[in-house]
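As structure tokens, the structure follows; a few thoughts come after it.
The values are calculated or read from the model by the stated rules, or taken from the named source; none is laboratory data. This is a predicted model, so every value here is computed, not measured. Cβ atoms come from the backbone with ideal geometry, glycine included; neighbour counts cover every protein chain shown.
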Amino acid sequence: MDLLPSADQEALLAGAREFLVTALPVDASRWRDRDAVEARALKEFASLGWYGVGLPEPAGGLGLGAAEEALLLAEAGKYLAPIGLLAGMLAARVAWSTGLQDVASTILTGECRVGLVIPAQSGNVQLIDATASEQVVVLDSSTLCLASCSAFHDREPQPSLDQGVTLERASQIIPQVRPCESSGATLYLHAVVLVCALMVGLSEAVMEVAVAHAKQRQQFGQSIGVFQAVKHPLADMAVRAEAARFQTMMAALSIADARPDASFQTHAAAVIAGRAATANAHAAVQIFGAMGYTQECVVHHFVKRAVLLNRIIDGRLKQIDFLIAEKPSL
Amino acid sequence: MNLLFTEEERDFRAEVRDWLESHRPPGIRPLDGRGMADYDIAWQRTQFEGGWAGIAWPVEYGGRGLTTVQQLIWHEEYAKAHAPEIGVCFVGLNHGGPTLIMNATDEQKRKHLPAILRGDQVWCQGFSEPGAGSDLASLRTQGRVEGDNIIVNGQKIWTSWAQWADYQELLVRTEPGSQRHAGLSWLVCDMKSPGITVRPITTMAGVAEFCEVFYDDVAIPLSNVVGGVGNGWRVAMSTLSFERGPGFMAEQMEAARLVEELIETAHTVRAPDGKRPAIQDDGIARTLGELRAEVTALRSMALAGISRADRTGTPGAEASILRLFLGEVVQKLYRAAMEIIGDESLVLSGWGQGWTRPYLHSFAYSMGGGTSEIQRNIIAERVLGLPRAR
């Protein structure tokens with residue numbers, strides 16, 4: 001029993017950090033040139049093998065498991081990794097599990113970019129980062145499927161709250177295009193835990209940004225981090241981040257081992273990580289004061305990404321409903 | 001990362017389960033008075049005779065010397081077996097004893113350690129004072145060295161179960177005029193010494209679980225100083241890392257059990273509209289769902305804490321994260337219960353039963369062992385590296 005990364009996993013993470021810090025800087029340079037920076041990063045993720053981390057080696061993957069995927073995405077979440085990373089990992093998994101080896105390999109090599117589709121009200125769907133993609137993963141709580149972007153005939157751009165993605169609305173997939181579907185429940189849990197991992201990274205990173213500010217910012221002749229009115233919300237952020245990280249890792253391990261409580265653990269992770277991401281981002285805005293309210297400060301990107309990630313897994317309330325419907329795991 | 005237990009660990013779990021099943025004391029633990037103390041002591045004696053006293057103590061001092069993972073298994077099985085809480089034996093086994101192990105002379109160890117393990121010595125803690133709570137280093141109880149004795153005058157407070165204790169770990173200011181952490185000494189105080197007055201304090205939950213202790217020219221032999229005169233602060237802090245750790249798992253499991261019990265209760269009581277079970281009220285269901293997520297996360301965090309302790313040898317300041325979160329979850333649980341149970345919320349339940357008396361008891365969770373405010377300071381300063389106030 002060990003909930004901390006092994007030596008091998010630490011080595012994997014060290015390599016990931018080295019790449020992420022230069023490939024996806026979380027500062028103004030990133031958003032000045034987002035399309036180019038992220039397109040480049042999405043290609044490089046392919047050469048590093050990220051899209052197939054959890055797939056078996058014969059399928060072109062790295063032969064690792066859900067635990068390693070979660071660890072890596074928690075790192076990527078700190079750098080507000082493009083949604084195409086998550087979508088690519090999920091798409092490769094769906095393609096592989098439905099026997100579409102050729103589709104899987106175009107995703108693994110980075111030739112095919114993937115966006116995300118989630119259900120919206122009145123039978124519509126929302127497309128996230130699908131504008132530059134060929135394929136999309138449709139993430140529905142009962143099933144995951146892979147579809148070509150051409151399956152949506154009435155795509156309509158919408159202003160995106162999160163400037164880090166493009167957003168479109170469309171009606172349901174046109175029926176004559178058959179999406180390739182894969183049996184629902186397990187893949188959905190897998191998707192949820194990967195989103196949780198991104199939220200873990202987000203909640204940790206936004207805390208680190210706020211802590212750094214509280215140390216450096218001087219008022220009343222001292223660092224504002226001395227004041228308990230600042231210190232205590234930061235401590236609460238640490239509690240939420242710690243809960244999110246270890247519950248997410250627990251869920252990832254439960255999925256990797258196909259444990260009977262995998263679904264219970266995963267919905268619990270979604271509830272905890274979902275709150276950590278939003279609440280930590282909100283608290284960070286306040287730590288920065290008026291600066292936090294501007295676009296010149298990076299914190300707003302975390303607020304917006306927290307909203308997006310929670311939405312991708314159907315919202316926190318839905319995850320609570322899933323959890324309360326579960327049998328006790330005692 | 002893995003969730004697997006080794007074959008030895010699985011065998012160990014079976015051994016613990018069998019032993020607890022056949023030895024856990026029958027009946028309900030009395031919740032106050034001499035009967036409670038006797039019950040706790042008898043259970044400690046049973047554990048001692050079974051070789052389960054001092055599971056975390058080194059073997060050379062009569063303990064079981066379990067690894068942290070084995071301790072986790074012990075506490076998990078202990079909670080599953082509904083074995084009784086440690087009660088009056090807590091301080092001796094988890095604080096006083098370990099402090100002696102790390103700091104005492106051989107003679108001091110011989111006198112106290114075996115007796116603590118057997119349940120023959122009940123210990124209490126004499127640290128907090130009316131003027132030194134969260135700010136422990138401002139303590140003023142005075143110890144004047146006179147010949148072979150230290151003469152103690154002053155007052156301690158919040159001393160759990162002092163009325164049943166044989167000995168006390170007592171922190172006093174032995175250097176006149178000294179400030180803060182300097183000039184303190186850690187003494188073994190015989191609670192039968194002349195000049196000691198113990199006044200139990202009744203909590204809002206109606207139990208005299210802690211006391212004020214007054215010292216009026218109490219003579220304590222100099223040979224009872226542990227770790228040397230003037231080193232009291234270092235000695236007192238040396239075992240902070242010994243506290244809790246795997247023992248936290250029992251508290252997490254109890255909280256998880258209570259959440260499930262409250263969910264069951266919500267199936268039987270009516271929702272505010274009077275028309276359907278409370279669980280069908282979305283607001284109530286979501287509060288309970290959130291609590292379920294939180295106690296589940298607590299377990300994962302506790303396991304992570306054990307993994308951390310396994311690597312570094314101490315639970316570290318992150319233990320404050322667990323403590324703070326547990327307190328919040330337990331208080332949220334009982335506050336939710338008070339709303340869910342409706343008119344039953346007006347009836348005072350028995351101790352350890354129902355929801356209302358435990359609700360009153362739950363206020364202790366954000367105070368005992370360091371208030372939530374102090375836990376947040378520790379997290380901010382030692383985990384996040386924020387500056388201390390001057």
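Of all residues in the stretch A:1-49, exactly one satisfies the criterion of being in contact with a His (Cβ under 9 Å, 6 or more places away or on another chain), touching a residue at least 60 places away in the same chain (Cβ under 8 Å) and not β-branched (Val, Ile, Thr), namely A:TRP31. The residue that is nearest to the chain's Cα centre (by Cα), among those in the stretch A:303-324 that are on the phi < 0 side of the Ramachandran plot and either of a type in the set (D, E, K, R) or at pLDDT below 95 (or both), is A:ARG305. Please enumerate the residues belonging to the stretch A:244-260 that are more than 9 Å from chain B (Cβ to nearest Cβ) and surrounded by fewer than 21 Cβ atoms within 10 Å (Cβ to Cβ). Of everything in the stretch A:244-260, those that are more than 9 Å from chain B (Cβ to nearest Cβ) and surrounded by fewer than 21 Cβ atoms within 10 Å (Cβ to Cβ) turn out to be A:ALA258, A:PRO260.
Contact annotation: no residue pair with Cβ atoms under 6 Å, 6 or more positions apart or on different chains, pairs a residue in the stretch B:204-230 that is without any contact (Cβ under 8 Å) to a residue 40 or more places away in the chain with a partner that is of a type outside the set (Ser, Thr, Tyr).
State which residue is farthest from the chain's Cα centre (by Cα) when the search covers only the stretch A:217-243 and only residues that are more than 8 Å from chain B (Cβ to nearest Cβ) and of a type in the set (Gly, Ala, Ser). Step by step, filter the stretch A:217-243, then rank; the result is A:GLY221.
Note on the stretch B:48-79: among residues that are in a helix (DSSP H, G or I) and more than 19 Å from the chain's Cα centre (by Cα), the one that is nearest to B:GLU15 (Cα to Cα) is B:GLN70.
Restricting attention to the stretch A:261-272, the residues being facing another protein chain (nearest Cβ under 8 Å) and of a type in the set (Asp, Glu) number 0. Here is the figure for the stretch A:45-64: residues that are at pLDDT 95 or above, at negative phi and surrounded by 14 or more Cβ atoms within 10 Å (Cβ to Cβ) total 12. Reported count of residues in the stretch A:104-147, each being charged (D, E, K, R) and either touching a Gly at 6+ places or on another chain (Cβ under 6 Å) or surrounded by 20 or more Cβ atoms within 10 Å (Cβ to Cβ) (or both), is 2. Scanning the stretch B:301-322 for residues that are under 20 Å from B:THR371 (Cα atoms), at the interface with another protein chain (Cβ under 10 Å from one of its Cβ atoms) and in contact with a Gly (Cβ under 8 Å, 6 or more places away or on another chain) turns up B:GLU318, B:SER320, B:LEU322. Looking at (1) more than 10 Å from chain B (Cβ to nearest Cβ); (2) outside any helix (DSSP H, G or I), which one does A:PRO328 not meet, given that it meets all the others? Of the numbered conditions (1) more than 10 Å from chain B (Cβ to nearest Cβ); (2) outside any helix (DSSP H, G or I), the odd one out for A:PRO328 is (1). Scanning the stretch B:251-300 for residues being under 14 Å from A:VAL271 (Cα atoms) and more than 8 Å from chain A (Cβ to nearest Cβ) gives a total of 3.
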